[in-house]
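Asks: Sharing a structure with you now.
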Amino acid sequence: MSLRKKLFGDRAFYKMVLAVAVPIMIQNGITNFVGLLDNIMVGRVGTEQMSGIAIVNQLLMVFNLSVFGAISGAGIFGAQFYGCQDNKGVRHTFRFKLYICLFILLMGVFILTFFGKNLILMYLHGEGQEGSLTAALGYGQEYLWIMLPGLLPFVLEQIYTSTLRECGETMLPMKAGIVAVLVNLVLNWLLIFGSLGFPKLGVAGAAIATVVSRFVQAAIVVIWTHRHSESMPFITGVYKSGHIPGGLAGKILLRGTPLMVNEILWSAGMATMMQCYSVRGLAAIAGLNISTTISNVFNVVFIAMGSAISIIVGQLLGAGKMEEAKETDTRLIAFSVFSCLGIGGVLFLSAPLFPMMYNTTEEVKALAAVFIRIAALCMPLAAFMHASYFTLRSGGKTVITFLFDSVFLWCVSIPLAYALSRYTGLPIAPLYLCCQLVDIIKCVIGFILVKKGVWIHNIVEKQ
């Protein structure tokens, strides 16, 4: 097979891929775009407000990705069960998600309730900025307390949405996401600035808008699923019994626990990386917040492609089509990387424009532009790493993904960031660049693992 045929598919192939990826891309894109507008609105209020929310969102990301990791472990089985048309198996994986995520919810609420203030304080550094740091702490605590009730609908929506996607239904989650972000956007405008006679609540308004939108999104997904049991038969009788076969539960735990632990450690690791960067002052946090928010809008392409790999390749493996799974995966990875080369170029050229929308200092704006350009340069690397991760995960190789992802982060990236931030005078921009470029090592490891085909495995054929 020629290199061109190996890396690129025909028109039918891309039509099939885009049918899966585009709805996810649109949903994530709209969500991140509204997150950008939300961020800009808060950024128009002041730097301390923006920094306080950025810190809390970094902490909430640990919770969100813990839920994602728990769901993903069972989702590997769900996609393969659907691939072999085993609705009972999909139902069991749904129940497993429900149990494990409710446990994570209880743990998350407990930790954030009793240790939230101390966690926020870990990110507040800077000599001669005591007033600003105290203000950022106050805004962060206010935002966190209002966000806590929104964790429940977030968990429910993730459980239902992930299962719908594993069963090939990507349009409904996209539509629910669109409605939710529109609700969020409108309420942000009304409550942050006090438009149309509504109270001007600032940070509290942003939190209220997010919580309300999460309840709306969860309600749409849950109600639709139960009203369409003929096309989603897994939901029939899902709450009549809490039974999960012991053998299946054990296998999900065996393969899913490394994945869940990986997401927890990875998100905690990213929070630790941010804490290392925060040693350079409040401006570094504000600049990284702007950069991350902007980059997330552009990152939806490789994020959606990762989900597409998980669904498409997982279903092929479940159906026993091993060679087709391998060929499809290669083309999906190539599509993701080449797409991000173009998108990264656009982001690099437009980087200085985005910080101008914020009401913050010139120092923060300059740092944000530099961080955005670094993220743009590293986007193809991130696309390859993300695609490699989901390839390994689709075949149930969760221990390998654990080593590939979070172990690398904690053993290589974090020690590097800690050493450079604490023991050198390196400015924040080159420090950040060094910590991003170390991921080249991960790309090499990912290439070797994917090429060797260690992930080509059917994990449900004996269920």
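The values are calculated or read from the model by the stated rules, or taken from the named source; none is laboratory data. All values reported here derive from a predicted model rather than from experimental measurement. A quick note on method: Cβ atoms are made from the backbone with ideal geometry, for glycine too, and the neighbour counts reach across all protein chains shown. In case anyone asks, the SASA skips ligands and DNA or RNA and just uses the protein heavy atoms, side chains included. Shrake-Rupley method; radii C 1.70, N 1.55, O 1.52, S 1.80 Å.
Asks: For the range 386-463, run through the trypsin sites (Lys or Arg not before Pro) and keep only the ones in DSSP coil with at most 12 other Cβ atoms within 10 Å of their Cβ.
Replies: Hits after loop and neighbour filter: 462.
Asks: May I ask you to derive the FRET efficiency for residue 338 and residue 448 from their Cβ-Cβ distance with R0 = 25 Å, giving the value to the nearest 0.05?
Replies: So, using R0 = 25 Å, E works out to roughly 0.75.
Asks: Rounded to the nearest 0.05, what FRET efficiency is calculated for residue 84 and residue 145 with R0 set to 51 Å and r the Cβ-Cβ distance?
Replies: Efficiency at R0 = 51 Å is approximately 0.65.
Asks: Continuing with this model, one more query. Note the angle between two axes, namely the Cα long axis of helix 203-227 and the longest principal axis of the Cα atoms of the chain, as a number of degrees from 0 to 90, rounded to the nearest 10.
Replies: Relative to the chain, helix 203-227 is tipped by roughly 10 degrees.
Asks: From the helices alone, meaning DSSP H stretches of at least four residues, give me the mean residue ellipticity at 222 nm for the chain, per-run term -39500 (n - 2.57), in deg cm²/dmol to the nearest 500.
Replies: Calculated from helices alone, the mean residue ellipticity at 222 nm is -27000 deg cm²/dmol.
Asks: Looking at the square roots a ≥ b ≥ c of the eigenvalues of the Cα gyration tensor of the range 174-322, which shape do they give, rounded for a/c under 1.5, prolate if a/b is larger than b/c, or oblate?
Replies: oblate
Asks: At 0.36 nm per residue, and after removing the present C-alpha to C-alpha distance, how many nm does the segment from residue 19 to residue 102 gain when stretched out fully?
Replies: Gain on stretching residue 19 to residue 102: 26.7 nm.
Asks: Would you work out which of 287, 105, 252 lies farthest towards the positive end of the dipole of the chain? Charges go on Cβ: Lys and Arg +1, Asp and Glu -1.
Replies: Towards the positive end, the residue furthest out is 252.
Asks: By how many nm would the segment from residue 109 to residue 152 lengthen if fully extended, with 0.36 nm per residue of separation less the alpha-carbon distance?
Replies: Length difference between fully extended and current span is 14.5 nm.
Asks: Would you kindly state the longest site-free stretch of the chain, with sites defined as GluC sites (Glu not before Pro) in a DSSP loop (not H, G, I, E, B) surrounded by at most 15 other Cβ atoms within 10 Å?
Replies: Looking at the chain, 231-460 is the longest stretch - no exposed GluC sites (Glu not before Pro) with at most 15 other Cβ atoms within 10 Å.
Asks: Could you do me a favour and compute the accessible area per residue for the chain, 1.4 Å probe, result in Å²?
Replies: Averaged over the residues of the chain, the accessible area is 41 Å².
Asks: Please state the relative contact order of the chain as a whole percent: Cα pairs under 8 Å, 6+ residues apart?
Replies: With pairs under 8 Å counted, the relative contact order is 24 percent.
Asks: Each label point is 7 Å from the Cα along the Cα-to-Cβ direction; what then is the distance between the points at residue 182 and residue 418, in nm?
Replies: 4.8
Asks: Grab the beta carbon distance between residue 362 and residue 236, set R0 = 35 Å, and tell me the FRET efficiency rounded to 0.05.
Replies: Efficiency, from the Cβ-Cβ distance: 0.05.
Asks: Same structure, new question: Compute the separation of the alpha-carbon centres of the range 16-89 and the range 368-418 and state it in Å as a whole number.
Replies: 17
Asks: Give me the percent of accessible area attributable to carbon and sulfur for the chain, probe 1.4 angstrom.
Replies: It is 68 percent, rounded to a whole number.
Asks: Once the other residues with Cβ under 12 Å from the Cβ of residue 406 are scored (Lys, Arg +1; Asp, Glu -1), what is the net sum?
Replies: -1
Asks: As a quick test, which of the pairs 200/365; 397/452; 97/251; 88/251 have an alpha carbon distance above 22 angstrom in this structure?
Replies: 200/365, as the Cα separations exceed 22 Å there.
Asks: Fully extended, how many nm does the chain gain between residue 227 and residue 117 (0.36 nm per residue separation, minus their Cα-Cα distance)?
Replies: Full-extension gain reported as 35.4 nm.
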